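What follows is one structure encoded as structure tokens, with my remarks underneath.
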Amino acid sequence: MKKHLLIAATTLLLASTNASLFAQKSTDATEEKSSINDPKMAWWKEARFGMFIHWGLYSVPAGTYNGKQVSGIGEWIMNKGKIPVADYKNFAPQFNPIKYNAEEWVKIAKDAGMKYMVLTSKHHDGFAMFKSEADPFNIVDATPFKRDVVKELAAACKKYGMKLGLYYSQAQDWTAPGGSAIGGHWDSAQNGNMGEYIDKKAVPQLREILNNYGEISVLWFDTPIGMTKEYADKIYAVLKEHPNLIYNNRLGGGYKGDLETPEQYIPATGYPGKNWESCMTMNGTWGFKSYDSAWKSSTLLIQNLIDIASKGGNYLLNVGPTNEGLIPQPSIDRLKVVGKWLKTNGEAIYGTTASPFAYVSFGRCTRKNDKLYLHVTKYPTDGLIKVPLDNTVVKAYLLAQPKTSIAHKVVGKYLQLQLPKTPLDSVATVVVLQIAGEPKITVADPIPSMKKAATASSVKDNTVKPAAAFDGNGKRGWIAADGDKTGWLAVDLGKPTSIGSLSIVEAGTFDKFVKDFKLEYKEGEEWKTVFEDKTIGAGYFKSFKPVVAQEFRINILESSKTPQLKQVQLYFDE
């Protein structure tokens with residue numbers, strides 16, 4: 001994955017402190033058409049949940065080179081460790097994953113409720129996980145294993161009705177002469193002509209993976225470093241031969257692709273009018289690292305899935321198999337829990353569309369035709385939840401207990417529902433609300449801070465202005481001036497507004513630089529405290545007794561590094 005993910009690995013939202021490496025703009029890639037309503041996307045929209053598999057030669061060193069742990073994500077060890085090409089290729093004779101069982105992998109994915117799988121057929125290290133006539137640096141020709149991993153996974157996916165996608169690093173290749181590299185080459189063996197690399201390796205290998213293994217449903221590009229329009233045109237010519245192929249927005253050369261691909265974060269509002277997919281790790285790495293034990297909870301994984309579906313996106317959740325060919329047991333354990341939840345609640349995820357509500361205080365909402373699925377992740381002690389809705393309710397019941405009707409009544413602007421005093425599921429209890437007609441939302445501005453004017457105590461530079469923290473896209477946000485360890489970020493809502501909840505996304509998934517902060521509101525010329533708290537991290541959310549004010553600010557009193565807030569939003573409540 002991208003270099004900026006050497007910093008972090010996900011949850012509710014994030015990428016990293018570096019800028020994303022997406023396709024540069026061009027007005028010449030005119031053959032592409034918007035795929036939002038393309039029939040080829042139908043299965044993908046139904047799926048909502050897939051498995052990303054980062055597996056390759058990097059699983060041999062597993063994060064350690066010459067006896068030293070190399071910082072960053074596992075699949076970037078060659079780049080981060082500046083390993084010479086010859087030394088890296090020497091890992092190939094050690095790669096013999098005899099415990100690899102493609103059918104077992106597919107079964108694990110199916111049991112987790114996943115509907116498609118995307119395997120790294122070639123990552124940035126240039127090592128192919130398939131038999132390639134274009135280049136001998138592949139698992140069949142260069143290792144004692146001598147089996148075609150892609151071939152076996154394709155057969156298993158076909159057998160069990162699983163859609164198969166392949167990741168292919170089209171630009172970066174650290175072992176092929178001419179392949180690009182973030183940060184530049186570090187070994188003369190990497191020098192060469194990128195055009196020749198595209199012609200002699202990238203294009204031929206793309207033809208191999210798209211033509212030799214049956215139907216490939218998704219092609220996942222990455223980091224288009226050095227990818228000119230001329231190079232991208234040659235690859236696009238291959239893609240046109242496969243009209244049902246879905247490909248993402250990372251080809252380069254001005255090609256937009258079929259998917260937006262937020263990495264390690266969930267955008268605050270999704271990507272309205274576009275297909276999108278959040279890819280995330282379960283721990284701190286994509287490719288296997290033997291000492292990475294920063295595993296996310298199954299509760300977080302399920303709630304990520306709900307959050308993404310509620311915004312109309314798909315969740316591509318990663319596993320990083322070992323050099324023996326095994327998916328790590330902590331990954332399997334978590335996937336089993338997710339699968340169990342989906343067996344009961346899958347109706348509220350698969351084939352759903354985005355919530356008609358920008359915000360609900362109890363959790364999230366998904367929709368399918370005339371049914372709204374209320375995912376109650378913050379269960380109230382009195383069992384009362386409310387939605388800003390003015391529709392006739394045909395039926396309200398618990399998804400896990402369809403015969404259990406839910407009492408409801410209109411109170412002011414809200415439809416109030418009385419749930420059982422204790423949740424059916426501590427992770428997310430799902431209530432089905434069947435309504436007549438299109439949803440009629442009664443709150444006009446549920447996220448009053450969105451795209452409002454903002455100020456800050458200091459700013460690093462013009463690319464990370466205060467307003468970026470309130471723009472809803474989650475890519476950059478605000479960064480204070482270098483050296484600052486305190487600071488504030490304020491927003492002007494334009495008029496006095498009742499606010500009852502706050503969400504914050506800090507610099508990275510596991511980054512909790514802030515050690516003490518306050519939410520404050522302005523009364524006259526004085527800033528008053530709403531509450532004070534300690535760490536923030538990637539998915540901070542707090543509800544509080546509503547406060548009416550026009551200006552609010554996050555006042556960071558202590559931070560171990562320069563404060564950086566990628567997204568901050570305030571939510572209406574009364």
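Here are a few things to note about the model shown:
Condition check ((1) of a type in the set (Phe, Trp, Tyr); (2) out of contact with any His (no Cβ under 8 Å at 6 or more places or on another chain); (3) modelled with pLDDT of 95 or more; (4) under 19 Å from ILE182 (Cα atoms)) across all residues:
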| residue | (1), (2), (3), (4) |
| --- | --- |
| GLY67 | no, yes, yes, no |
| ILE77 | no, yes, yes, yes |
| PRO84 | no, yes, yes, yes |
| PHE91 | yes, yes, yes, no |
| ASN101 | no, yes, yes, no |
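- Residues being more than 30 Å from SER298 (Cα to Cα), among the β-branched types (Val, Ile, Thr) and touching a residue at least 12 places away in the same chain (Cβ under 8 Å) - total across segment 112-148: 2
- Qualifying positions in segment 396-442 - part of a loop (DSSP other than H, G, I, E, B) and crowded, with 18+ Cβ neighbours inside 10 Å: LEU399, ILE406, LEU419, LEU424, ASP425, VAL427, ALA428, PRO439
- ALA155 being aliphatic (A, V, I, L, M), assigned to a helix (DSSP H, G or I), farther than 21 Å from MET1 by Cα and assigned by TED's automatic domain parsing to the domain that holds ALA102: yes
- A search for C-beta distances below 8 Å between a residue of segment 537-550 that is without any contact (Cβ under 8 Å) to a residue 40 or more places away in the chain and farther than 22 Å from GLY494 by Cβ and any residue that is in a strand (DSSP E or B) and among the aliphatic types (A, V, I, L, M), counting only pairs 6+ apart in sequence or on different chains, returns TYR540/LEU502; TYR540/ILE504; TYR540/VAL505.
- Qualifying residue in segment 213-224 (condition: more than 18 Å from GLY313 (Cα to Cα) and assigned to a helix (DSSP H, G or I)): no
- Selection count where residues are assigned to a loop (DSSP other than H, G, I, E, B) and either buried (at least 20 other Cβ atoms within 10 Å of the Cβ) or without any contact (Cβ under 8 Å) to a residue 60 or more places away in the chain (or both), scope segment 186-210: 3
- Residue within segment 88-100 that is without any contact (Cβ under 8 Å) to a residue 40 or more places away in the chain and surrounded by fewer than 24 Cβ atoms within 10 Å (Cβ to Cβ) present: yes
- All of THR463, THR455 fail the test of being over 27 Å from the mean Cα position of the chain (by Cα) and either closer than 28 Å to LEU519 by Cα or outside any strand (DSSP E or B) (or both), apart from THR455.
- Any chance THR529 is in a strand (DSSP E or B) and buried (at least 18 other Cβ atoms within 10 Å of the Cβ): no
- Just one of the listed residues (ASP173, ASP141) is acidic (Asp, Glu), within 30 Å of SER217 (Cβ to Cβ) and buried (at least 18 other Cβ atoms within 10 Å of the Cβ), namely ASP173.
- Residues of segment 62-112 classified as over 27 Å from GLY184 (Cα atoms) and of a type in the set (Val, Ile, Thr), total: 3
- Any hit, segment 186-201, residues being within 19 Å of ASN275 (Cα to Cα) and among the charged types (D, E, K, R): no
- Of everything in segment 74-105 that is among the aliphatic types (A, V, I, L, M) and over 12 Å from TYR58 (Cα atoms), the residue that is nearest to the chain's Cα centre (by Cα) is ALA102.
- Test: residue in segment 171-179 that is touching a strand residue (DSSP E or B) at 6+ places or on another chain (Cβ under 8 Å) and outside any loop (DSSP other than H, G, I, E, B): yes
- Listed by first and then second residue, the pairs with beta-carbon distance under 9 Å, at least 6 apart or on different chains, first residue in segment 431-459 and in contact (Cβ under 8 Å) with a residue 12 or more places away in the chain and closer than 19 Å to VAL411 by Cβ, second in a strand (DSSP E or B) and small (Gly, Ala, Ser), are VAL431/ALA396; LEU433/ALA396.
- Checked against (1) among the small types (Gly, Ala, Ser); (2) surrounded by fewer than 18 Cβ atoms within 10 Å (Cβ to Cβ); (3) without any contact (Cβ under 8 Å) to a residue 12 or more places away in the chain, ALA468 passes all but condition (2).
- Scanning segment 111-122 for residues that are touching a helix residue (DSSP H, G or I) at 6+ places or on another chain (Cβ under 9 Å) and closer than 13 Å to LEU153 by Cβ gives TYR116, MET117, LEU119, THR120, SER121.
- Total residues in segment 124-152 satisfying the condition of being more than 16 Å from ASN90 (Cα to Cα) and either not in a loop (DSSP other than H, G, I, E, B) or not assigned by TED's automatic domain parsing to the domain that holds GLN190 (or both): the figure is 4.
- Qualifying residue in segment 410-429 (condition: at pLDDT 95 or above, under 15 Å from SER361 (Cα atoms) and β-branched (Val, Ile, Thr)): yes
The values are calculated or read from the model by the stated rules, or taken from the named source; none is laboratory data. These numbers were taken from a predicted model, which means no experiment stands behind them. Here the Cβ is made from the backbone with ideal geometry for all residues, glycine too, and neighbour counts use every protein chain on show.
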